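Input: a single structure, listed below in structure tokens.
The values are calculated or read from the model by the stated rules, or taken from the named source; none is laboratory data. Just so you know, these numbers come straight off a predicted model, no measurement behind them. A quick note on method: Cβ atoms are made from the backbone with ideal geometry, for glycine too, and the neighbour counts reach across all protein chains shown. To get the accessible areas, we keep the full protein, side chains included, count just its heavy atoms, and leave off ligands, DNA and RNA. Shrake-Rupley method; radii C 1.70, N 1.55, O 1.52, S 1.80 Å.
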Amino acid sequence: MLLPYLNKNQIEAGCDEAGRGCLAGGVFAAAVILPEDFENNLLNDSKQLTEKRRYLLREIIEKEAITWAVGIVTPEEIDEINILNASFLAMHRALDQLKIIPQHLLIDGNRFSTYKNIPHTTIIKGDGKYLSIAAASVLAKTYRDDYMHNLHAQFPLYDWHKNKGYPTKKHREAIKKHGVSSYHRITFNLLGNKQLELDF
């Protein structure tokens, strides 16, 4: 069972992103404020869940969360400001849309840029430790997957309905053969090399 909060009696928002390591598509982030008594034994880091379970949990999170939102940063913006800053910006955009202003932020990872002077805590692998971050990971992942499925209909050559823009062998071979699309991140190592491919 994941932890319900870090600071009791504070309104905490969990934040996480999806798509940071992709070659194509935007980066998505979600922010979620859950009720203090929220419980769900299935909820976990989205990477540990099946696709079917992620979408089931998305319905539960959207129904039971006090407030939630998803922020998006485009491939063009990623190329302009770099992927780390784009991840922060996506989280900020999600936080901008929350109906309630949180008193504290729980951020998955080890770095973050301060948002409106709200205190934050970065937590490595936080999506496997805190319910609100896990919930944000599920929303960010599923909304980004929906987006990549839609892009696949326009650009079927790159296999995005399966790889979601990540650097698979088939994806890179398609880039070599057909060139880049308008959704590829030009500043990324799109063709890759053996050393880089070991990282994914």
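If you place +1 on the Cβ of every Lys and Arg and -1 on the Cβ of every Asp and Glu, how big does the dipole about the Cα centre of the chain come out, in debye to the nearest 20?
With only Lys, Arg, Asp and Glu charged at Cβ, the dipole is about 600 debye.
What is the distance in Å between the Cα centres of region 132-195 and region 71-103?
Measuring centre to centre over Cα atoms gives 19 Å.
Got a sec? Which residues in region 12-37 would a label at LEU157 touch, if it sits 7 Å along Cα→Cβ and we count backbone N under 18 Å?
It comes to 23-25, nothing else.
So for the chain, taking the charge dipole from beta-carbon charges (+1 Lys/Arg, -1 Asp/Glu), which of HIS152, GLN10, ASN82 sits furthest toward the positive end?
The listed residue farthest towards the positive side: HIS152.
Using a Cα-Cα cut-off of under 29 Å, which lysines could be cross-linked to LYS176, ignoring same-chain neighbours fewer than 8 residues away?
Within reach: LYS47, LYS141, LYS162, LYS164, LYS194.
With only Lys, Arg, Asp and Glu charged, each at its Cβ (+1 for the first two, -1 for the last two), find how big the charge dipole of region 28-101 is about the Cα centre; round to the nearest 20 debye.
Once rounded to the nearest 20, the dipole reads 240 debye.
Go through region 102-117 residue by residue and turn each phi into a ³J(HN,Hα) via Karplus (6.51, -1.76, 1.60, θ = phi - 60°); whole Hz please, and just put x for glycine and proline.
Coupling constants for region 102-117: x, 9, 7, 10, 9, 10, 6, x, 10, 9, 6, 9, 3, 10, 6, 6 Hz.
Quick check on packing: order 87-98, 10-21 by the mean number of other C-beta atoms within 10 Å, highest mean leading.
Highest-to-lowest ranking by the protection proxy: 10-21, 87-98.
Can you give the accessible area per residue of the chain, in Å², using a 1.4 Å probe?
Ligands and nucleic acids excluded, the figure is 51 Å² per residue.
Rounded to the nearest 0.05, what FRET efficiency do ARG53 and LYS177 give with R0 = 30 Å and r taken as the Cβ-Cβ distance? Could you check?
Step by step, r from the Cβ atoms, then E = 0.30.
Pop out the Kirkwood hydrodynamic radius of region 52-157 from its pairwise C-alpha distances, inverse of mean 1/r, in Å to one decimal.
After inverting the mean inverse Cα-Cα distance, the result is 14.9 Å.
How large is the Kirkwood hydrodynamic radius of the chain, counting all unique pairs of alpha carbons, in Å?
Result for the chain stands at 17.1 Å.
Hey, what did region 86-200 get for relative contact order, percent, Cα under 8 Å, at least 6 apart?
Answer for region 86-200 is 13 percent.
Arrange the peptides 1-9, 22-30 so that the one whose residues have, on average, the most other Cβ atoms within 10 Å appears first.
Per-residue mean Cβ counts within 10 Å order the peptides as 22-30, 1-9.
Taking region 145-176, which trypsin sites (Lys or Arg not before Pro) meet the DSSP loop condition and have no more than 11 other C-beta atoms within 10 Å?
none
By the gyration tensor of its Cα atoms, with a ≥ b ≥ c the square roots of the eigenvalues, what is the shape of region 1-71: rounded for a/c under 1.5, prolate for a/b over b/c, or oblate?
Since a/c reaches 1.5 and a/b is larger than b/c, the shape of region 1-71 is classed as prolate.
Round to the nearest 0.05 the FRET efficiency obtained for ILE66 and LEU191 when R0 = 45 Å and r is the Cβ-Cβ distance.
0.50
Measure off 7 Å from each Cα along the Cα-to-Cβ vector at ASN150 and TYR166, then give the distance between these two points in nanometres to one decimal.
2.2 nm
For region 24-81, what relative contact order do you get, as a whole percent, if you take Cα pairs closer than 8 Å and at least 6 residues apart?
64 percent
How large is Rg/Rh for region 21-108, to two decimals, with Cα atoms and a Kirkwood Rh?
When Rh is taken as the Kirkwood radius, the ratio is 0.99.
Sequence gap at least 6, Cα distance under 8 Å: using those rules, report the relative contact order of the chain to the nearest whole percent.
31 percent
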